[in-house]
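What follows is one structure encoded as structure tokens, with my remarks underneath.
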Amino acid sequence: MDHDKLLELAKKNGEVFILVEPTHFWASEYTLKDNPYMVDFDMTKEETTAAAIDEHRTLIKVLNDEGIATKVFHQPHPEAYDSVYVSDVMLAFKNADFPTGVVVLCPMFWHSRRLEKNPEIGKWIVEKCGYEHLIDLTYFEAEDKALEGRGVTLFDWKSRCVYAGRSNRVHPDVLAELAKRMTEISGHTYEHYLIESFDPIRKTIPFHTTCFFMILKDVVIIDWSSVKLPEQQKEMKEKLIKSGYKLIEVSYEEMNYGATLVVEFNNIKTGGSGIICAKSCKEVLSENILSQYSEHFSPIVVVDIEINEIVGGSSVECMFQPVAL
């Protein structure tokens with residue numbers, strides 16, 4: 001899709017999805033240490049790259065066939081194996097509180113993932129999408145303090161609260177600084193809420209908050225068993241319901257297969273929202289949860305991203321950086 005047609009479609013949709021093609025795709029030896037979703041596989045680096053590129057191009061075609069505007073960038077460094085997960089290294093948001101748009105550059109925990117930063121993406125959002133504000137938090141990397149983008153930060157825009165689950169990928173100092181900077185730019189007070197999360201089966205701390213929790217425009221999807229403290233479960237439920245969200249409560253098994261790792265998009269045909277989810281996720285969802293998804297989202301776009309799931313230990317949520325226009 002040429003540039004003019006892309007921007008025309010993006011403006012029509014009110015958003016564009018940024019993606020990064022996985023031109024050198026491999027399992028990072030570092031993320032293996034804290035990402036339990038990465039599994040053993042019998043493929044060479046060349047084979048995983050070729051398969052990931054084919055999978056990615058099919059994904060782009062599926063999105064474009066649904067009328068979703070996409071802008072694809074290339075991997076910035078051959079050893080930045082996780083570059084395809086563009087939502088981790090940055091944030092981009094534009095709404096009533098931030099009418100001129102904000103781009104946030106996020107500090108990464110593992111040193112190898114710091115190679116994923118691509119200044120061309122931020123430049124494109126500023127120049128082509130008209131974003132004015134830049135919050136660069138990458139200086140926290142010098143202190144090994146992280147806040148990995150959309151993977152860890154969940155925004156309750158209705159009540160102006162930023163949620164994040166405590167892990168090595170989230171440092172309280174960075175979370176507090178983000179809320180502070182958002183307060184300064186918007187003129188409204190933004191709070192931050194640190195969740196004490198825990199995987200009750202693996203007995204580990206979820207590395208990303210979106211593994212068990214997702215806030216969409218009007219819907220929250222959550223596995224409460226991953227919120228360790230009962231008092232936090234109660235407090236979060238009260239806060240989210242007060243904000244006006246419909247809560248969809250999924251089981252541990254559904255969470256484990258990516259029930260929360262969905263991406264919402266504007267459906268201009270209906271004026272509502274659709275969602276994108278992985279094939280592996282949809283296959284394990286109960287009829288009750290599928291019914292609730294269908295009640296709120298149309299269409300449900302199912303994509304097959306098996307290579308990304310196996311090699312990268314990730315899902316669709318990490319592969320998109322939605323940019324509102």
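The values are calculated or read from the model by the stated rules, or taken from the named source; none is laboratory data. Computed from a prediction, not measured in an experiment: that's the story for all the values here. No Cβ is skipped: glycine too gets one built from the backbone with ideal geometry, and neighbour counts run over all protein chains shown. Keep in mind that these areas ignore ligands, DNA and RNA; they rest on the heavy atoms of the full protein, side chains included. Shrake-Rupley method; radii C 1.70, N 1.55, O 1.52, S 1.80 Å.
Take residue 121 and decide whether it is surrounded by 22 or more Cβ atoms within 10 Å (Cβ to Cβ), within 27 Å of residue 264 (Cβ to Cβ) and of a type in the set (Val, Ile, Thr). So residue 121 passes the test.
If you check 136, 144, 173 for being on the phi > 0 side of the Ramachandran plot, surrounded by fewer than 16 Cβ atoms within 10 Å (Cβ to Cβ), at pLDDT 95 or above and not hydroxyl-bearing (Ser, Thr, Tyr), only one passes: 144.
Sub-6 Å Cβ pairs linking a first residue in the stretch 133-147 that is without any contact (Cβ under 8 Å) to a residue 60 or more places away in the chain to a second residue that is acidic (Asp, Glu), at least 6 apart or interchain, are 145/173, ordered by first then second residue. Among residues belonging to the stretch 124-133 that are in contact with a strand residue (DSSP E or B) (Cβ under 9 Å, 6 or more places away or on another chain) and of a type in the set (D, E, K, R), point out the one that is surrounded by the fewest Cβ atoms within 10 Å (Cβ to Cβ). Ranking the qualifying residues of the stretch 124-133, first place goes to 132. For residue 259, the conditions (1) in contact with a helix residue (DSSP H, G or I) (Cβ under 9 Å, 6 or more places away or on another chain); (2) farther than 24 Å from residue 37 by Cβ; (3) small (Gly, Ala, Ser) all hold with the exception of (2).
Residues that are more than 24 Å from residue 257 (Cβ to Cβ) and either part of a helix (DSSP H, G or I) or among the hydrophobic types (A, V, I, L, M, F, W, C) (or both): does the stretch 25-41 have at least one?
The initial filter retains those residues of the stretch 25-41 that are more than 24 Å from residue 257 (Cβ to Cβ), namely 29-30.
This time we only want the ones that are either part of a helix (DSSP H, G or I) or among the hydrophobic types (A, V, I, L, M, F, W, C) (or both), so: none.
No, because not a single residue in the stretch 25-41 is more than 24 Å from residue 257 (Cβ to Cβ) and either part of a helix (DSSP H, G or I) or among the hydrophobic types (A, V, I, L, M, F, W, C) (or both).
Assessment of the stretch 193-201 against the conditions (assigned to a helix (DSSP H, G or I), in contact (Cβ under 8 Å) with a residue 24 or more places away in the chain and not aliphatic (A, V, I, L, M)) yields no matching residue. Take the conditions (1) open to solvent by less than 60 Å² (accessible area, probe 1.4 Å); (2) part of a helix (DSSP H, G or I); (3) in contact with a strand residue (DSSP E or B) (Cβ under 9 Å, 6 or more places away or on another chain); residue 68 misses just one of them, which is (2).
A single entry from 167, 186 fulfils the requirement of being among the polar types (S, T, N, Q), at pLDDT 95 or above, under 17 Å from the mean Cα position of the chain (by Cα) and open to solvent by 10 Å² or more (accessible area, probe 1.4 Å): 167. Pairing residues of the stretch 45-63 that are under 20 Å from residue 28 (Cα atoms) with residues that are of a type outside the set (Asp, Glu) and open to solvent by less than 10 Å² (accessible area, probe 1.4 Å), at Cβ distances under 6 Å and at least 6 apart in sequence or on separate chains, gives 48/25; 48/311; 49/25; 52/22; 52/25; 55/305; 56/22.
Yes/no matrix, rows are residues, columns are (1) part of a strand (DSSP E or B); (2) open to solvent by 20 Å² or more (accessible area, probe 1.4 Å); (3) closer than 27 Å to residue 51 by Cβ; (4) touching a residue at least 12 places away in the same chain (Cβ under 8 Å):
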| position | (1), (2), (3), (4) |
| --- | --- |
| 225 | no, yes, no, yes |
| 240 | no, no, no, yes |
| 247 | yes, yes, no, yes |
| 265 | yes, no, yes, yes |
| 285 | no, no, yes, yes |
| 295 | no, yes, no, no |
| 307 | no, yes, yes, yes |
| 317 | no, no, yes, yes |
